[in-house]
Amino acid sequence: MRRLAAALLFAGASPIAAQTPPAPRPAPKLIVAISVDQYAADLFAQYRNRYTGGLARLLGGAVFPSAYQGHAATETCPGHSTILTGYRPAHTGIIANSWIDQRAGRPDKVVYCAEDERVPGTDHNKYQASDLHLKVPTLGERMKAADPRSRVVSVAGKDRAAIMMGGHKVDELWWWDGDTYISYPGRAVPGAVQRTRDAVAALIARPQTALPLPRYCKPLDRPITVGGVTLGQGRFERTAGDKRAFRASPAADAAVLAMAAGLVQDMKLGRGPAPDLIAVGLSATDYVGHSTGTQGTEMCIQQAELDEAIGGFLGVLDATGVDYEVVLTADHGAHDMTERQMERAMPMEAHMEPGANAKMVGAAIGRDLGIAGPVLLGGEGDVWLDAKLTPAQRTRVLAEAVRRYRTMPQVAAVFTGAEIAATAMPASPPDTWTLIERARASYDPTPSGDLLVLLRPRVTSIEKPGPGYVETHGSPWDYDRRVPVIFWRKGMTGFEQPLSVETVDIMPTLAATLGLKVSGVDGRCLDLDPGPGDSCAR
Ligand SMILES: [Zn+2]
């Protein structure tokens with residue numbers, strides 16, 4: 001009844017004057033693309049009402065809480081390859097963090113996504129970082145093609161994040177290599193990077209006492225023992241000199257943001273004749289997740305500190321007076337570790353049985369069919385047939401592998417490369433894709449496996465948890481596919497769009513605000529104007 005009364009009252013008010021549509025806003029001068037590694041839509045949902053800093057500010061923008069890294073192989077490198085290219089991994093060529101290429105001209109046939117395996121003396125652990133395998137241009141490259149005066153900067157806690165978001169033409173590209181911030185060989189170290197190197201070295205040299213525990217984190221403060229380590233109550237205490245602990249702490253994100261802020265200031269980004277772009281890859285949430293899961297004090301503190309650090313970074317951007325546009329998203333999601341899920345009424349949780357590993361399956365097939373060699377290569381997910389098999393052996397092994405995987409209770413589906421290749425690229429909303437459509441979005445015939453083995457939901461690919469590795473992602477299930485996408489610009493009218501979109505929509509959306517024409521990509525422009533205007537039509 002109250003609503004009806006209000007309607008009657010307002011009926012007596014003077015009619016709203018016809019409005020002339022506002023003139024289109026000029027393009028932003030600086031694009032700021034932030035990726036929070038492993039920032040699952042579920043994590044965002046859990047903490048969005050707790051934020052008071054930078055993330056709270058971004059919540060006033062255009063919020064897509066259910067965006068998708070739609071593809072099956074929800075890993076860091078493929079995920080980052082979608083964010084600023086507009087293409088799914090099937091087209092970026094980045095189908096996984098690493099794959100097996102039996103034609104590689106070196107003894108080690110495992111190829112890391114962000115390396116050049118042709119460099120003599122390398123292997124996939126001791127590699128030369130490279131953009132070689134990224135097959136498509138990034139937004140930064142498109143900006144430079146439109147106006148060579150545009151500058152592109154990419155910094156991150158991981159090389160693959162920095163490289164996949166920066167692309168092939170970058171003015172500055174820096175990442176943490178476990179020891180300090182580095183780039184490709186021969187690049188001069190800018191002042192902002194050197195200052196960050198020095199500040200981080202000094203920080204690591206000192207011990208770190210426990211970080212404050214926000215009041216709302218207290219219910220999570222319970223011990224859980226996994227892989228011989230007790231977790232759940234950590235507060236990022238660390239001993240002097242512990243670089244691994246630094247990497248998996250909020251300070252690692254704060255350092256990358258400080259380096260980004262310094263580069264914005266020193267390079268006067270956003271104040272040149274053409275728009276500039278800075279990509280920022282914040283990796284600590286992922287390291288915190290892998291080493292301690294998502295439902296302990298560790299992730300709760302990480303979220304609070306991330307919010308504050310992003311707020312500090314936005315404050316620096318504000319002080320420059322530049323009209324900048326932010327997009328924030330993630331490379332993939334995740335969910336909590338198996339052991340704590342089981343404590344919290346999730347009895348379906350399980351670790352992958354070693355018998356499902358391609359090495360074991362291949363050994364068994366070789367023994368039973370009388371074929372020498374490994375027969376199958378890989379672990380779970382993509383599986384390759386040994387290139388030394390004869391055509392007749394290949395046919396037999398492939399059929400036998402499919403048959404065996406299908407009998408395994410932990411396996412949800414097994415597809416051959418030919419089956420995936422024969423599937424059309426999905427054109428429906430990403431929350432409705434079938435399993436093989438998710439696989440299709442991850443499939444590039446050159447690097448992809450001859451078989452794809454997908455585990456059932458809530459079967460983690462971690463066979464045995466250990467220190468630093470108790471939780472992971474990479475599955476085709478929505479807890480790993482769903483991430484937030486948020487656009488923010490000063491003065492914009494915010495809104496929330498709960499229907500599903502894709503991370504490949506980010507590039508065409510940003511391109512539209514910059515007035516760049518793009519066509520033929522997998523993504524589509526998202527209209528950021530909640531009114532009758534259309535930000536995609538400008
Ligand atoms: Zn990641």
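Below are the figures for this structure:
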read-out	value
R0 of 30 Å, Cβ-Cβ distance Leu435-Glu463: FRET efficiency to nearest 0.05	0.85
MRE, 222 nm, helices only [DSSP H, n ≥ 4, -39500 (n - 2.57), over the chain, to nearest 500]	-9500 deg cm²/dmol
Scattering curve values for the chain, log₁₀ I(q)/I(0), Debye with Cα scatterers, q = 0.09 Å⁻¹	-0.67
Relative contact order (%) - criterion: Cα under 8 Å, at least six apart; region: the stretch 50-101	28
Förster radius 35 Å - calculated FRET efficiency between Leu369 and Thr446 (Cβ-Cβ, nearest 0.05)	0.80
Under the Karplus curve 6.51 cos²θ - 1.76 cosθ + 1.60, θ = phi - 60°, whole-Hz ³J(HN,Hα) for the stretch 298-315, x wherever Gly or Pro sits	4, 5, 5, 5, 4, 5, 5, 6, 4, 4, 5, 5, 5, x, x, 5, 5, x
Relative contact order of the stretch 337-388, defined on C-alpha pairs under 8 angstrom at six or more residues apart (%)	24
His332 long-range amide H proximity, modeled H, under 5 Å	Gln38, Tyr39
Efficiency of FRET from Cβ geometry, Glu419 and Arg524, R₀ 25 Å, rounded to 0.05	0.40
Selected from Leu317, Ile365, Ala192, residue furthest toward positive end of dipole (the chain; charges at beta carbon)	Leu317
Too-long pairs where the Cα-Cα distance tops 31 Å, listed order kept, from Lys135/Lys388; Lys109/Lys169; Lys158/Lys268; Lys135/Lys464	Lys135/Lys464
Pairwise label distance in nanometres, Glu343 with Arg50, each label 7 Å out on the Cα-Cβ vector	1.6
For the stretch 62-75, 3J(HN,Hα) per residue [Karplus equation, 6.51 cos²θ - 1.76 cosθ + 1.60, θ = phi - 60°, Hz, x = Gly/Pro]	8, 10, 10, x, 10, 8, 10, 7, x, 5, 6, 8, 7, 10
Full-extension gain in nm, Arg222 to Asp318, via 0.36 nm per residue minus C-alpha separation	30.6 nm
Backbone HN-Hα couplings from phi across the stretch 482-488 [Karplus 6.51/-1.76/1.60, Hz, Gly and Pro as x]	7, 9, x, 10, 10, 10, 9
Accessible-area composition of the chain, carbon plus sulfur, in percent [1.4 Å probe]	56
Inter-site label distance for Asp147 and His168 at 7 Å from Cα along Cβ, in nm	2.3
Long-range HN-HN contacts of Asp450 with modeled amide H, under 5 Å	Val383, Trp384, Leu385
Relative contact order (percent, whole number), the chain, Cα cutoff 8 Å, 6+ residue spacing	27
Theoretical gain in end-to-end length, Thr239 to Arg106 [0.36 nm per residue, Cα-Cα removed]	43.9 nm
Check: the chain dipole with +1 on Lys, Arg Cβ and -1 on Asp, Glu Cβ, in debye	360
Other-chain or far-sequence residues with amide H under 5 Å of Ser535's (modelled H)	Leu528, Asp529
Stokes-Einstein diffusion coefficient of the stretch 339-416, Kirkwood radius over Cα pairs, 25 °C, 0.890 mPa s, in µm²/s	180
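The values are calculated or read from the model by the stated rules, or taken from the named source; none is laboratory data. For clarity, every value in this text was computed on a predicted model and none was experimentally measured. All Cβ positions, glycine included, derive from the backbone under ideal geometry; neighbour counts span all protein chains shown. Side chains included, ligands, DNA and RNA excluded: accessible areas come from the protein's heavy atoms. Shrake-Rupley method; radii C 1.70, N 1.55, O 1.52, S 1.80 Å.
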